[in-house]
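Trainee: A single structure is presented below for examination.
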Amino acid sequence: MTPDTHIPEGHRERLRKRFQQDPEALSDIEQLELLLTYVIPRRDVAPLARNLLDYFGSLPEIFAAPVSALMNVEGIGESTAVFLQLIHHLMVTPNAQVEMSPKQPSPQLNLFEPETKSATSDRRAPKERPMRVFVDDEIANALEFLPQAAYFQSLEGFKQLLNEKLPYNAAETRKRRASYILDRFYFEGQVDVALTYYAAHCSSKQDLQPVVFYLAARAEPLLAKIAQEVVWPALPLAQLEREQIKEAVERFLPDAKPATLKKILTAIFRTYDLCATGNIVGETLRFQLRSGSLESFLYILTSEFPKPGMYSFDDLYAGPLHRWLLWDREWMRRQLYNLLDFGILSKVSEIDTVRQFSLALDQMAALRAFFEHPQHGYLAVREKNGQDFESLTKGE
(Lines give C-alpha, C1' and ligand atoms only; values in the text may rest on other atoms or scores of the structure.)
Protein backbone atom coordinates (compact mmCIF):
# COMPACT_ATOMS: atom_id res chain seq x y z
CA MET A 1 0.00 0.00 0.00
CA THR A 2 1.31 3.46 -0.82
CA PRO A 3 2.24 5.56 2.19
CA ASP A 4 -0.15 8.19 3.56
CA THR A 5 -1.70 9.15 0.20
CA HIS A 6 -5.24 9.07 1.63
CA ILE A 7 -4.49 10.66 5.01
CA PRO A 8 -5.43 14.34 5.27
CA GLU A 9 -2.28 16.37 5.82
CA GLY A 10 -1.61 17.02 9.49
CA HIS A 11 -4.72 15.13 10.62
CA ARG A 12 -2.91 12.67 12.90
CA GLU A 13 -0.83 15.40 14.49
CA ARG A 14 -3.98 17.43 15.20
CA LEU A 15 -5.60 14.38 16.85
CA ARG A 16 -2.54 13.86 19.06
CA LYS A 17 -2.43 17.53 20.11
CA ARG A 18 -6.16 17.66 20.87
CA PHE A 19 -5.82 14.56 23.01
CA GLN A 20 -2.86 16.01 24.91
CA GLN A 21 -4.76 19.23 25.56
CA ASP A 22 -8.03 17.57 26.59
CA PRO A 23 -8.66 13.79 26.24
CA GLU A 24 -12.39 14.37 26.76
CA ALA A 25 -12.51 16.55 23.63
CA LEU A 26 -12.17 13.51 21.36
CA SER A 27 -15.26 11.54 20.39
CA ASP A 28 -15.25 7.75 20.63
CA ILE A 29 -14.49 7.41 16.94
CA GLU A 30 -11.62 9.91 17.18
CA GLN A 31 -10.12 8.14 20.19
CA LEU A 32 -10.28 4.83 18.34
CA GLU A 33 -8.82 6.41 15.22
CA LEU A 34 -5.91 7.84 17.23
CA LEU A 35 -5.26 4.44 18.78
CA LEU A 36 -5.25 2.72 15.39
CA THR A 37 -2.63 5.12 14.05
CA TYR A 38 -0.08 3.41 16.28
CA VAL A 39 -0.67 -0.01 14.76
CA ILE A 40 -1.43 1.10 11.18
CA PRO A 41 1.03 3.92 10.51
CA ARG A 42 0.68 4.35 6.72
CA ARG A 43 -3.05 4.30 6.05
CA ASP A 44 -6.16 6.37 6.70
CA VAL A 45 -7.69 4.58 9.68
CA ALA A 46 -10.83 6.71 10.08
CA PRO A 47 -12.94 4.27 8.01
CA LEU A 48 -11.66 1.34 10.11
CA ALA A 49 -12.59 3.13 13.33
CA ARG A 50 -16.06 3.78 11.94
CA ASN A 51 -16.45 0.14 10.83
CA LEU A 52 -15.49 -1.12 14.29
CA LEU A 53 -17.92 1.16 16.11
CA ASP A 54 -20.72 0.36 13.66
CA TYR A 55 -20.10 -3.35 14.14
CA PHE A 56 -19.73 -3.54 17.93
CA GLY A 57 -21.63 -0.46 19.06
CA SER A 58 -19.24 0.88 21.72
CA LEU A 59 -15.58 1.06 22.71
CA PRO A 60 -15.94 -1.40 25.64
CA GLU A 61 -17.48 -3.97 23.30
CA ILE A 62 -14.63 -3.54 20.81
CA PHE A 63 -11.94 -4.10 23.43
CA ALA A 64 -13.81 -7.04 24.98
CA ALA A 65 -14.28 -8.81 21.64
CA PRO A 66 -12.12 -11.84 20.80
CA VAL A 67 -9.66 -11.75 17.91
CA SER A 68 -11.91 -13.89 15.72
CA ALA A 69 -14.80 -11.44 16.05
CA LEU A 70 -12.59 -8.38 15.45
CA MET A 71 -11.32 -9.91 12.23
CA ASN A 72 -14.89 -10.12 10.93
CA VAL A 73 -14.80 -6.34 10.51
CA GLU A 74 -13.78 -5.24 7.05
CA GLY A 75 -10.22 -3.97 7.00
CA ILE A 76 -9.18 -5.45 10.36
CA GLY A 77 -6.37 -7.97 10.05
CA GLU A 78 -4.83 -10.25 12.63
CA SER A 79 -2.16 -7.76 13.77
CA THR A 80 -4.70 -5.03 14.46
CA ALA A 81 -7.06 -7.48 16.19
CA VAL A 82 -4.27 -8.75 18.46
CA PHE A 83 -3.27 -5.14 19.22
CA LEU A 84 -6.82 -4.31 20.37
CA GLN A 85 -6.93 -7.50 22.46
CA LEU A 86 -3.63 -6.50 24.05
CA ILE A 87 -5.12 -3.14 25.02
CA HIS A 88 -8.01 -4.98 26.71
CA HIS A 89 -5.61 -7.36 28.46
CA LEU A 90 -3.56 -4.45 29.81
CA MET A 91 -6.70 -2.66 30.99
CA VAL A 92 -8.09 -5.58 32.98
CA THR A 93 -4.79 -7.08 34.21
CA PRO A 94 -2.43 -4.17 34.97
CA ASN A 95 -0.50 -6.29 37.48
CA ALA A 96 0.27 -9.78 36.23
CA GLN A 97 1.25 -10.86 39.75
CA VAL A 98 -2.26 -10.29 41.16
CA GLU A 99 -3.92 -13.65 41.72
CA MET A 100 -7.61 -14.42 41.93
CA SER A 101 -8.86 -16.08 45.11
CA PRO A 102 -9.64 -19.79 44.75
CA LYS A 103 -13.22 -18.87 45.61
CA GLN A 104 -13.39 -16.61 42.56
CA PRO A 105 -12.05 -18.75 39.67
CA SER A 106 -11.45 -17.25 36.27
CA PRO A 107 -11.78 -20.28 33.98
CA GLN A 108 -10.55 -20.26 30.42
CA LEU A 109 -13.95 -20.21 28.83
CA ASN A 110 -14.95 -20.11 25.18
CA LEU A 111 -18.00 -17.97 25.87
CA PHE A 112 -19.43 -18.83 22.46
CA GLU A 113 -16.83 -16.72 20.66
CA PRO A 114 -19.17 -14.96 18.26
CA GLU A 115 -18.87 -14.80 14.50
CA THR A 116 -21.67 -12.33 13.92
CA LYS A 117 -22.45 -8.81 14.99
CA SER A 118 -25.65 -9.77 16.78
CA ALA A 119 -23.75 -11.86 19.32
CA THR A 120 -21.25 -9.18 20.28
CA SER A 121 -23.17 -5.92 20.15
CA ASP A 122 -25.84 -4.89 22.63
CA ARG A 123 -28.08 -7.82 23.41
CA ARG A 124 -31.37 -7.34 21.63
CA ALA A 125 -34.50 -7.50 23.76
CA PRO A 126 -36.62 -10.51 22.84
CA LYS A 127 -39.80 -9.87 20.94
CA GLU A 128 -42.84 -9.68 23.15
CA ARG A 129 -44.36 -13.12 23.33
CA PRO A 130 -48.08 -13.89 23.36
CA MET A 131 -49.69 -15.33 26.45
CA ARG A 132 -49.09 -19.07 26.45
CA VAL A 133 -49.18 -22.12 28.69
CA PHE A 134 -46.27 -22.28 31.14
CA VAL A 135 -45.52 -25.88 32.13
CA ASP A 136 -42.38 -28.01 32.54
CA ASP A 137 -40.50 -25.14 34.16
CA GLU A 138 -37.03 -26.80 34.05
CA ILE A 139 -35.81 -24.35 36.70
CA ALA A 140 -33.72 -26.93 38.58
CA ASN A 141 -31.94 -28.00 35.40
CA ALA A 142 -31.41 -24.42 34.28
CA LEU A 143 -29.69 -23.66 37.59
CA GLU A 144 -27.46 -26.70 37.17
CA PHE A 145 -26.56 -26.49 33.50
CA LEU A 146 -26.44 -22.76 32.62
CA PRO A 147 -23.02 -22.35 34.32
CA GLN A 148 -21.67 -25.03 31.97
CA ALA A 149 -22.71 -23.25 28.77
CA ALA A 150 -19.51 -21.21 28.64
CA TYR A 151 -17.40 -24.27 27.90
CA PHE A 152 -18.86 -24.70 24.41
CA GLN A 153 -17.92 -23.01 21.17
CA SER A 154 -21.54 -22.72 20.04
CA LEU A 155 -25.11 -22.86 21.18
CA GLU A 156 -25.39 -26.16 19.33
CA GLY A 157 -22.70 -27.65 21.55
CA PHE A 158 -24.55 -26.62 24.69
CA LYS A 159 -27.77 -28.03 23.24
CA GLN A 160 -26.03 -31.36 22.68
CA LEU A 161 -24.92 -31.41 26.33
CA LEU A 162 -28.52 -30.90 27.45
CA ASN A 163 -29.76 -33.57 25.05
CA GLU A 164 -27.33 -36.05 26.58
CA LYS A 165 -27.20 -35.07 30.26
CA LEU A 166 -30.64 -33.89 31.36
CA PRO A 167 -31.89 -36.36 34.02
CA TYR A 168 -34.58 -38.12 32.00
CA ASN A 169 -34.50 -41.69 30.76
CA ALA A 170 -36.01 -41.17 27.31
CA ALA A 171 -33.91 -39.39 24.67
CA GLU A 172 -37.00 -37.68 23.26
CA THR A 173 -37.84 -36.29 26.68
CA ARG A 174 -34.32 -34.94 27.11
CA LYS A 175 -34.50 -33.32 23.69
CA ARG A 176 -37.90 -31.74 24.39
CA ARG A 177 -36.86 -30.44 27.82
CA ALA A 178 -33.61 -29.07 26.37
CA SER A 179 -35.66 -27.05 23.89
CA TYR A 180 -37.60 -25.49 26.80
CA ILE A 181 -34.37 -24.33 28.46
CA LEU A 182 -32.94 -22.89 25.25
CA ASP A 183 -36.21 -21.18 24.37
CA ARG A 184 -36.45 -19.48 27.76
CA PHE A 185 -32.85 -18.45 28.27
CA TYR A 186 -31.45 -18.02 24.74
CA PHE A 187 -34.22 -16.07 23.05
CA GLU A 188 -34.83 -16.71 19.35
CA GLY A 189 -31.72 -18.87 19.18
CA GLN A 190 -29.46 -15.89 19.92
CA VAL A 191 -26.20 -16.39 21.74
CA ASP A 192 -26.49 -14.45 24.99
CA VAL A 193 -22.87 -13.78 25.85
CA ALA A 194 -23.73 -11.79 28.99
CA LEU A 195 -25.83 -14.58 30.49
CA THR A 196 -23.24 -17.21 29.56
CA TYR A 197 -20.47 -15.15 31.13
CA TYR A 198 -22.47 -14.34 34.26
CA ALA A 199 -23.58 -17.92 34.89
CA ALA A 200 -19.97 -19.10 34.69
CA HIS A 201 -18.62 -16.41 37.03
CA CYS A 202 -21.28 -15.76 39.67
CA SER A 203 -20.25 -16.85 43.13
CA SER A 204 -23.02 -19.28 43.99
CA LYS A 205 -26.36 -20.79 43.09
CA GLN A 206 -27.98 -18.05 45.18
CA ASP A 207 -26.57 -15.45 42.78
CA LEU A 208 -28.02 -17.28 39.78
CA GLN A 209 -31.52 -17.89 41.19
CA PRO A 210 -32.86 -14.31 40.77
CA VAL A 211 -31.47 -14.13 37.23
CA VAL A 212 -33.17 -17.39 36.29
CA PHE A 213 -36.48 -16.14 37.73
CA TYR A 214 -36.14 -12.81 35.89
CA LEU A 215 -35.33 -14.43 32.53
CA ALA A 216 -38.06 -17.05 32.94
CA ALA A 217 -40.60 -14.28 33.54
CA ARG A 218 -39.27 -12.39 30.52
CA ALA A 219 -39.76 -15.48 28.38
CA GLU A 220 -43.10 -16.55 29.87
CA PRO A 221 -45.71 -13.75 29.89
CA LEU A 222 -47.95 -15.82 32.18
CA LEU A 223 -45.29 -15.94 34.91
CA ALA A 224 -44.69 -12.19 34.49
CA LYS A 225 -48.44 -11.54 34.81
CA ILE A 226 -48.64 -13.58 38.00
CA ALA A 227 -45.65 -11.71 39.45
CA GLN A 228 -46.85 -8.24 38.45
CA GLU A 229 -50.63 -8.46 38.78
CA VAL A 230 -51.21 -11.17 41.38
CA VAL A 231 -48.24 -11.52 43.75
CA TRP A 232 -47.18 -7.86 43.86
CA PRO A 233 -50.64 -6.48 44.82
CA ALA A 234 -50.87 -9.16 47.53
CA LEU A 235 -47.59 -8.08 49.14
CA PRO A 236 -49.32 -6.57 52.22
CA LEU A 237 -50.87 -10.01 52.88
CA ALA A 238 -47.51 -11.74 52.31
CA GLN A 239 -49.16 -14.89 50.94
CA LEU A 240 -51.48 -16.37 48.32
CA GLU A 241 -53.33 -19.64 48.31
CA ARG A 242 -53.00 -22.01 45.39
CA GLU A 243 -56.70 -21.54 44.59
CA GLN A 244 -56.24 -17.76 44.31
CA ILE A 245 -53.41 -18.19 41.81
CA LYS A 246 -55.48 -20.76 39.93
CA GLU A 247 -58.33 -18.23 39.56
CA ALA A 248 -55.89 -15.69 38.17
CA VAL A 249 -54.47 -18.20 35.66
CA GLU A 250 -58.02 -19.01 34.53
CA ARG A 251 -58.58 -15.30 33.82
CA PHE A 252 -55.41 -15.10 31.76
CA LEU A 253 -55.96 -18.47 30.00
CA PRO A 254 -59.72 -19.07 30.00
CA ASP A 255 -59.47 -22.08 27.66
CA ALA A 256 -56.98 -24.02 29.77
CA LYS A 257 -58.20 -27.49 30.73
CA PRO A 258 -58.06 -28.74 34.34
CA ALA A 259 -55.05 -31.01 33.68
CA THR A 260 -53.18 -28.11 32.08
CA LEU A 261 -54.09 -25.78 34.95
CA LYS A 262 -52.61 -28.26 37.40
CA LYS A 263 -49.32 -28.33 35.46
CA ILE A 264 -49.24 -24.53 35.21
CA LEU A 265 -49.68 -24.12 38.96
CA THR A 266 -46.94 -26.66 39.59
CA ALA A 267 -44.58 -24.74 37.28
CA ILE A 268 -45.37 -21.40 38.94
CA PHE A 269 -44.95 -22.73 42.47
CA ARG A 270 -41.70 -24.54 41.56
CA THR A 271 -40.29 -21.41 39.91
CA TYR A 272 -40.94 -19.26 42.98
CA ASP A 273 -39.59 -21.97 45.27
CA LEU A 274 -36.46 -23.01 43.35
CA CYS A 275 -35.50 -19.41 42.59
CA ALA A 276 -36.03 -18.47 46.26
CA THR A 277 -38.41 -15.67 45.28
CA GLY A 278 -41.06 -17.14 47.57
CA ASN A 279 -41.59 -19.99 50.01
CA ILE A 280 -44.03 -22.84 49.50
CA VAL A 281 -45.83 -24.06 52.59
CA GLY A 282 -48.39 -26.68 51.65
CA GLU A 283 -50.87 -25.00 49.28
CA THR A 284 -49.65 -21.50 50.14
CA LEU A 285 -47.11 -19.27 48.41
CA ARG A 286 -45.48 -16.94 50.94
CA PHE A 287 -43.38 -13.92 49.99
CA GLN A 288 -42.06 -10.62 51.29
CA LEU A 289 -39.70 -7.80 50.39
CA ARG A 290 -36.16 -9.07 50.63
CA SER A 291 -32.48 -8.56 49.84
CA GLY A 292 -30.52 -10.24 47.09
CA SER A 293 -26.86 -10.23 46.08
CA LEU A 294 -24.85 -7.55 44.37
CA GLU A 295 -23.97 -9.93 41.51
CA SER A 296 -27.58 -10.63 40.59
CA PHE A 297 -28.54 -6.98 41.11
CA LEU A 298 -25.83 -5.94 38.66
CA TYR A 299 -26.91 -8.44 35.99
CA ILE A 300 -30.62 -7.60 36.15
CA LEU A 301 -30.02 -3.85 36.49
CA THR A 302 -27.95 -3.84 33.30
CA SER A 303 -30.54 -6.04 31.58
CA GLU A 304 -33.28 -3.53 32.37
CA PHE A 305 -31.04 -0.55 31.55
CA PRO A 306 -28.69 -1.98 28.90
CA LYS A 307 -27.08 1.24 27.69
CA PRO A 308 -24.98 3.84 29.52
CA GLY A 309 -27.05 6.82 30.58
CA MET A 310 -28.97 8.50 33.38
CA TYR A 311 -31.99 6.76 34.90
CA SER A 312 -34.38 7.58 37.73
CA PHE A 313 -34.96 5.71 40.95
CA ASP A 314 -38.66 5.71 40.02
CA ASP A 315 -37.95 3.68 36.86
CA LEU A 316 -35.94 1.22 38.94
CA TYR A 317 -38.63 0.84 41.59
CA ALA A 318 -41.44 0.46 39.04
CA GLY A 319 -39.71 -2.41 37.26
CA PRO A 320 -39.06 -6.13 37.67
CA LEU A 321 -36.30 -5.77 40.29
CA HIS A 322 -38.86 -4.49 42.78
CA ARG A 323 -42.19 -5.87 41.55
CA TRP A 324 -41.16 -9.33 40.30
CA LEU A 325 -38.16 -10.15 42.47
CA LEU A 326 -39.53 -8.25 45.48
CA TRP A 327 -36.17 -6.67 46.23
CA ASP A 328 -36.41 -4.04 48.95
CA ARG A 329 -36.07 -0.42 47.82
CA GLU A 330 -33.55 0.60 50.45
CA TRP A 331 -31.46 -2.48 49.74
CA MET A 332 -31.42 -1.61 46.01
CA ARG A 333 -30.48 1.97 46.81
CA ARG A 334 -27.44 0.75 48.77
CA GLN A 335 -26.38 -1.45 45.86
CA LEU A 336 -26.34 1.56 43.55
CA TYR A 337 -23.77 3.17 45.84
CA ASN A 338 -21.78 -0.07 45.96
CA LEU A 339 -21.57 -0.07 42.16
CA LEU A 340 -19.91 3.34 42.30
CA ASP A 341 -16.87 1.57 43.78
CA PHE A 342 -16.53 -0.49 40.61
CA GLY A 343 -16.85 2.43 38.19
CA ILE A 344 -19.98 0.79 36.78
CA LEU A 345 -22.06 3.74 37.94
CA SER A 346 -20.54 7.17 37.50
CA LYS A 347 -23.00 9.02 39.71
CA VAL A 348 -25.84 8.56 42.18
CA SER A 349 -27.78 11.74 42.87
CA GLU A 350 -30.35 12.32 45.62
CA ILE A 351 -31.16 16.01 45.72
CA ASP A 352 -34.60 16.96 47.03
CA THR A 353 -37.08 14.98 44.92
CA VAL A 354 -34.60 14.28 42.09
CA ARG A 355 -33.16 10.79 42.57
CA GLN A 356 -31.10 9.46 39.66
CA PHE A 357 -28.20 7.19 38.85
CA SER A 358 -25.88 7.20 35.86
CA LEU A 359 -24.65 3.95 34.29
CA ALA A 360 -21.16 4.34 32.86
CA LEU A 361 -20.94 0.93 31.11
CA ASP A 362 -23.10 -1.37 29.07
CA GLN A 363 -23.95 -4.81 30.43
CA MET A 364 -21.01 -6.85 29.19
CA ALA A 365 -18.45 -4.21 30.09
CA ALA A 366 -20.04 -3.86 33.53
CA LEU A 367 -19.87 -7.59 34.18
CA ARG A 368 -16.22 -7.71 33.16
CA ALA A 369 -15.41 -4.71 35.35
CA PHE A 370 -17.04 -6.48 38.29
CA PHE A 371 -15.63 -9.97 37.90
CA GLU A 372 -12.23 -9.41 36.27
CA HIS A 373 -10.67 -6.09 37.20
CA PRO A 374 -8.08 -6.72 39.96
CA GLN A 375 -8.37 -3.21 41.39
CA HIS A 376 -12.10 -2.76 41.22
CA GLY A 377 -13.37 -6.34 41.19
CA TYR A 378 -15.50 -8.11 43.73
CA LEU A 379 -12.64 -9.27 45.96
CA ALA A 380 -10.95 -5.87 46.17
CA VAL A 381 -14.13 -4.02 47.10
CA ARG A 382 -15.12 -6.72 49.58
CA GLU A 383 -11.71 -6.40 51.26
CA LYS A 384 -12.01 -2.63 51.28
CA ASN A 385 -15.43 -2.62 52.92
CA GLY A 386 -15.08 -5.69 55.09
CA GLN A 387 -18.08 -7.33 56.72
CA ASP A 388 -20.28 -4.28 56.13
CA PHE A 389 -19.99 -4.91 52.41
CA GLU A 390 -20.95 -8.54 52.93
CA SER A 391 -24.00 -7.49 54.89
CA LEU A 392 -25.13 -5.02 52.27
CA THR A 393 -24.62 -7.28 49.26
CA LYS A 394 -25.84 -10.52 50.76
CA GLY A 395 -28.62 -9.01 52.82
CA GLU A 396 -27.40 -10.51 56.08
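Trainee: Looking only at the stretch 251-269, filter to residues that are more than 32 Å from the chain's Cα centre (by Cα) and of a type outside the set (G, A, S); which one of those is nearest to V231 (Cα to Cα)?
Mentor: So in the stretch 251-269, the residues more than 32 Å from the chain's Cα centre (by Cα) come out as 251, 254-262.
Okay, now just the ones that are also of a type outside the set (G, A, S), so 251, 254-255, 257-258, 260-262.
Working: R251: 15, P254: 19, D255: 22, K257: 23, P258: 22, T260: 21, L261: 18, K262: 18 Å.
Once the filter is applied, the top-ranked residue is R251.
Trainee: Which members of the stretch 219-232 meet the condition of being of a type in the set (A, V, I, L, M, F, W, C) and either outside any helix (DSSP H, G or I) or surrounded by 20 or more Cβ atoms within 10 Å (Cβ to Cβ) (or both)?
Mentor: Hits for the stretch 219-232 are L222, L223, A224, I226, A227, V231.
Trainee: What are the residues in the stretch 109-146 that are modelled with pLDDT under 95 and either part of a helix (DSSP H, G or I) or among the hydroxyl-bearing types (S, T, Y) (or both), if any?
Mentor: T116, K117, S118, A119, T120, S121 - these are the residues of the stretch 109-146 that are modelled with pLDDT under 95 and either part of a helix (DSSP H, G or I) or among the hydroxyl-bearing types (S, T, Y) (or both).
Trainee: How many of the residues in the stretch 45-62 are surrounded by 18 or more Cβ atoms within 10 Å (Cβ to Cβ) and in contact (Cβ under 8 Å) with a residue 40 or more places away in the chain?
Mentor: Qualifying residue count, the stretch 45-62: 5.
Trainee: Residues of the stretch 18-40 being more than 21 Å from I76 (Cα to Cα), among the charged types (D, E, K, R) and at pLDDT 80 or above, which ones?
Mentor: The answer is R18, and nothing else.
Trainee: Please go through the stretch 192-218 and pick out each residue that is surrounded by fewer than 19 Cβ atoms within 10 Å (Cβ to Cβ) and assigned to a helix (DSSP H, G or I). Full working, then the answer.
Mentor: Within the stretch 192-218, the subset surrounded by fewer than 19 Cβ atoms within 10 Å (Cβ to Cβ) is 203-206.
Listed by number, the residues that qualify are K205, Q206.
Trainee: Continuing with the same structure: Tally up the residues in the stretch 20-46 that are in a helix (DSSP H, G or I), over 25 Å from K307 (Cβ atoms) and not β-branched (V, I, T), please.
Mentor: Of the residues in that region, 2 qualify.
Trainee: In the stretch 247-259, what count of residues is obtained for those that are in a helix (DSSP H, G or I) and loosely packed, with under 15 Cβ neighbours inside 10 Å? Show your work before the answer.
Mentor: Initially, the stretch 247-259 is screened for residues in a helix (DSSP H, G or I), giving 247-252, 258-259.
This time we only want the ones that are loosely packed, with under 15 Cβ neighbours inside 10 Å, so: 247, 250-251, 258-259.
Qualifying residue count for the region: 5.
Trainee: Still on this structure, please answer the following. If only one of G292, G278, G189 is surrounded by fewer than 16 Cβ atoms within 10 Å (Cβ to Cβ) and among the small types (G, A, S), which one is it?
Mentor: Details: G292 fails: surrounded by fewer than 16 Cβ atoms within 10 Å (Cβ to Cβ); G278 fails: surrounded by fewer than 16 Cβ atoms within 10 Å (Cβ to Cβ).
None of the other options fit; the residue is G189.
Trainee: Which one of L15, L90 is in contact with a Leu (Cβ under 9 Å, 6 or more places away or on another chain) and either loosely packed, with under 14 Cβ neighbours inside 10 Å or modelled with pLDDT of 75 or more (or both)?
Mentor: Only one candidate qualifies: L15.
Trainee: Among the residues of the stretch 307-348, how many are without any contact (Cβ under 8 Å) to a residue 24 or more places away in the chain and in contact with a Lys or Arg (Cβ under 7 Å, 6 or more places away or on another chain)?
Mentor: Within the stretch 307-348, residues that are without any contact (Cβ under 8 Å) to a residue 24 or more places away in the chain and in contact with a Lys or Arg (Cβ under 7 Å, 6 or more places away or on another chain) number 2.
The values are calculated or read from the model by the stated rules, or taken from the named source; none is laboratory data. This structure is a prediction, so every number in the text was calculated from the model and none was measured. Cβ: placed from backbone, ideal geometry, glycine included. Neighbour counts: every protein chain shown.
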